[in-house]
Amino acid sequence: MFESILKRVEYTREKMIQSATEKGVSNLETIRLSEELDQLLNEFQYLENSVLNVAKVD
């Protein structure tokens, strides 16, 4: 599960950088990718924290 999210994070990050380089940082596509990346990173952090909390209980 972590690998899947990390792959999506990396892919989205690369697409965002490419969009920013080609179209600019205030381009709507760049902003959309940035928001998508934020959401993926939040999801990853939530999962990571959940796993750590479960490990502490066990």
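One-quarter of the Cα convex hull surface for the chain, in nm²?
Values: hull surface 15.6 nm².
Average of the hull's projected areas for the chain equals 3.9 nm².
Sequence-ordered 3J(HN,Hα) estimates for the stretch 45-54 from the Karplus curve with 6.51, -1.76 and 1.60 and θ = phi - 60° stand at 5, 4, 5, 4, 5, 5, 5, 5, 5, 5 Hz, glycine and proline given as x. Evaluating 6.51 cos²θ - 1.76 cosθ + 1.60 at θ = phi - 60° for every residue in the stretch 16-32, the Karplus couplings come out as 5, 4, 4, 5, 5, 5, 7, 10, x, 6, 9, 5, 4, 5, 4, 5, 4 Hz, glycine and proline recorded as x.
Between THR30, THR21, THR12, find the one with the highest GNM mean-square fluctuation for the chain; connect C-alpha pairs within less than 10 Å. Residue with maximal mean-square fluctuation among THR30, THR21, THR12: THR21. Taking every C-alpha pair closer than 8 Å and separated by at least 6 residues, the mean separation divided by the residue count of the chain gives a relative contact order of 35 percent. Summing charges over all other residues whose Cβ lies under 13 Å from the Cβ of PHE2, with Lys and Arg as +1 and Asp and Glu as -1, gives -2. Heavy-atom surface analysis with a 1.4 Å probe gives the chain a carbon and sulfur content of 55 percent of its accessible area.
The values are calculated or read from the model by the stated rules, or taken from the named source; none is laboratory data. Worth saying up front: this structure is predicted, and the values here are computed from it rather than measured. Because the Cβ atoms are built from the backbone with ideal geometry, glycine has one as well, and the counts that use them run over all protein chains shown. Only protein heavy atoms, including side chains, enter the accessible area calculation; ligands, DNA and RNA are left aside. Shrake-Rupley method; radii C 1.70, N 1.55, O 1.52, S 1.80 Å.
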